[in-house]
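Novice: Quick one: the structure is below, and I'll ask about it shortly.
The values are calculated or read from the model by the stated rules, or taken from the named source; none is laboratory data. Values in this document were obtained by computation on a predicted structure and should not be read as measured data. So basically every Cβ, Gly included, is an ideal-geometry build from the backbone, and we count neighbours across all protein chains shown. Surface areas here come from the heavy atoms of the whole protein model, side chains and all, with no ligands, DNA or RNA. Shrake-Rupley method; radii C 1.70, N 1.55, O 1.52, S 1.80 Å.
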Amino acid sequence: MIIIGVDYHPSDQYIAFVDTETGEYEERQLNHSAGEAEKFYRELATREVRVRVGMEATGYSRWFERLLAELGMELWIGDAAEIKAKRVRKQKTDWEDARLLLRLLRENNFPRIWIPSAENRDLRQLLWHRHRMVQMRTRIMNQLQALAMNEGQRRKKKLWSAPGRALLEKLALGSWASRRRKDLLELLDRMNPTIEELTRAVEQEAKKWPEALRLMTHPGVGPLTALAFVLIIGTPQRFRRGQQIGSYVGLIPEENSSAGHQRLGHITKQGSSLLRFLLVEAAQAAARCDVNWRRRYVRLAVRRQRNIAKVAMARRLSVRLYWMWRNGWEYAQWVKFSSHAGQLGTGQGAK
């Protein structure tokens, strides 16, 4: 068996590998653009030996993962933070990183993480594409709002109605301001159908996932949030308890406590920024349409701040969605079987 530790970079990779049968050890630097890396692994595949490759979780490596899968090689991807914590020496080089990965693989101490399937990753591209298109549309709409406000027209959402659009087009502007308005309106008209098409695609994909349909029964959770939660979490069996979901998504505060003094900071913002954003939006939507959810939100907002309350409710929502998914419950079943402490009519005493 050949074990390879790979310190991966977008342009090249530094590898340290050993043949466990012969004890042969070697280090190399492989360039990607020149085809050195692909040539090396294809030649290695002709030896008909089992190959295990270990690397840190990183970006720009899809082609490399597809190559190893095509050649039938075993790829392990490790948690970068845990790998960094296992580094003893303070000297960090590309060669040292490759040797560290190789050592962890040989000692069976490699912090391997879950890897989504190709279908999962492709569907995530749909979610990201729609999310980025909506962000671009928002920037365009904000610029048009600024143009209208500079002319004394503060219409807010009414600017996007038919009368508001007509008013915006009739504003007397300078030559370049008129050109800017014209170009922005054309971009907006082209983006709206595209976003609607992507939204319909998300809704259709969500219907194919029973887990997403179950999560959509929760107030405030739509197809986008439900599908993103299912795709990014992967499987609820990855987590032993609901509290780990908040940590995975990055909705818990940083902590630097010592000697009995607790010091909490801002949220960690680890994990998927897309899922974190959608959970915050869904929590606010739930507060608008669900009385109990709004009561919790208002109580937190009064005690702390609105921004803190939004994040806290998003973390609560992530934990609730996790348990709904893990137990196979819809929202009505969650309400029936979840804790009712502090509510009237649930005591065991005399009525």
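Novice: Within the set of pairs 6+ apart or on separate chains, which have a first residue in segment 103-132 that is more than 21 Å from G222 (Cβ to Cβ), a second that is open to solvent by 30 Å² or more (accessible area, probe 1.4 Å) and of a type in the set (F, W, Y), and C-beta atoms under 8 Å apart?
Specialist: L105/W76; F110/W76; R112/W76
Novice: Between a residue in segment 1-24 that is without any contact (Cβ under 8 Å) to a residue 40 or more places away in the chain and any residue that is in a loop (DSSP other than H, G, I, E, B) and surrounded by 14 or more Cβ atoms within 10 Å (Cβ to Cβ), which pairs come within a Cβ distance under 7 Å, given they are 6 or more apart or on different chains?
Specialist: S11/H32; D12/H32
Novice: With respect to L168, is the statement that it is within 30 Å of M149 (Cβ to Cβ) and surrounded by 15 or more Cβ atoms within 10 Å (Cβ to Cβ) true? Steps first, answer last, please.
Specialist: Values: within 30 Å of M149 (Cβ to Cβ): yes; surrounded by 15 or more Cβ atoms within 10 Å (Cβ to Cβ): yes.
So L168 fits the description; yes.
Novice: Report every pair of residues separated by at least 6 positions or lying on different chains whose Cβ atoms are under 8 Å apart, first residue within segment 258-270 and under 16 Å from R315 (Cα atoms) and assigned to a loop (DSSP other than H, G, I, E, B), second acidic (D, E) and open to solvent by 90 Å² or more (accessible area, probe 1.4 Å).
Specialist: Filtered contacts from segment 258-270: T268/E254.
Novice: OK, next. For segment 139-155, which residues satisfy the criterion of being open to solvent by 60 Å² or more (accessible area, probe 1.4 Å) and within 31 Å of the chain's Cα centre (by Cα)? Walk me through it before giving the result.
Specialist: Looking only at segment 139-155, we keep the residues that are open to solvent by 60 Å² or more (accessible area, probe 1.4 Å), and these are 139, 142-143, 149-152, 154-155.
Passing the criteria: R139, N142, Q143.
Novice: Okay, moving on. Out of R179, R200, R190, R214, I need the residue that is of a type outside the set (S, T, N, Q), touching an Asp or Glu at 6+ places or on another chain (Cβ under 6 Å), open to solvent by 20 Å² or more (accessible area, probe 1.4 Å) and in a helix (DSSP H, G or I). Which one? If you could, list the steps in order and put the result at the bottom.
Specialist: On the way: R179 fails: touching an Asp or Glu at 6+ places or on another chain (Cβ under 6 Å); R200 fails: touching an Asp or Glu at 6+ places or on another chain (Cβ under 6 Å); R190 fails: touching an Asp or Glu at 6+ places or on another chain (Cβ under 6 Å).
Answer to the check: R214.
Novice: Inside segment 135-172, can you point out the residues that are of a type in the set (A, V, I, L, M, F, W, C) and either in contact with a Ser or Thr (Cβ under 9 Å, 6 or more places away or on another chain) or over 22 Å from L198 (Cβ atoms) (or both)?
Specialist: Residues of segment 135-172 of a type in the set (A, V, I, L, M, F, W, C): 136, 140-141, 144, 146-149, 159-160, 162, 166-168, 171-172.
Those that are of a type in the set (A, V, I, L, M, F, W, C) and either in contact with a Ser or Thr (Cβ under 9 Å, 6 or more places away or on another chain) or over 22 Å from L198 (Cβ atoms) (or both): A146, L147, A148, M149, L159, A162, A166, L167, L168, L171, A172.
Novice: Additional query: In segment 14-25, which residues are farther than 11 Å from I3 by Cα and not in a loop (DSSP other than H, G, I, E, B)?
Specialist: Residue satisfying the conditions is Y14 alone.
Novice: May I pose another question? So which of Y60, Y8 is surrounded by 17 or more Cβ atoms within 10 Å (Cβ to Cβ) and among the aromatic types (F, W, Y)? Even if it seems obvious, please write down each step before you answer.
Specialist: On the way: Y60 fails: surrounded by 17 or more Cβ atoms within 10 Å (Cβ to Cβ).
That would be Y8, the only listed residue that is surrounded by 17 or more Cβ atoms within 10 Å (Cβ to Cβ) and among the aromatic types (F, W, Y).
Novice: Okay, next question. Of the residues R288, R240, which is over 19 Å from E211 (Cα atoms) and open to solvent by 90 Å² or more (accessible area, probe 1.4 Å)? If you could, list the steps in order and put the result at the bottom.
Specialist: Working: R240 fails: over 19 Å from E211 (Cα atoms).
The match here is R288.
Novice: So A341 fits all but one of (1) at pLDDT below 90; (2) surrounded by 12 or more Cβ atoms within 10 Å (Cβ to Cβ); what number is the exception?
Specialist: The one condition A341 does not meet is (2).
Novice: Moving on. Return the residues of segment 82-138 that are open to solvent by 90 Å² or more (accessible area, probe 1.4 Å) and in a helix (DSSP H, G or I); say none if nothing qualifies. Even if it seems obvious, please write down each step before you answer.
Specialist: Step one: list which residues in segment 82-138 are open to solvent by 90 Å² or more (accessible area, probe 1.4 Å), which gives 82, 84, 88-92, 103, 106-108, 112, 119, 122, 125, 132, 136.
Those that are open to solvent by 90 Å² or more (accessible area, probe 1.4 Å) and in a helix (DSSP H, G or I): E82, K84, R103, R106, E119, D122, Q125, R132, M136.
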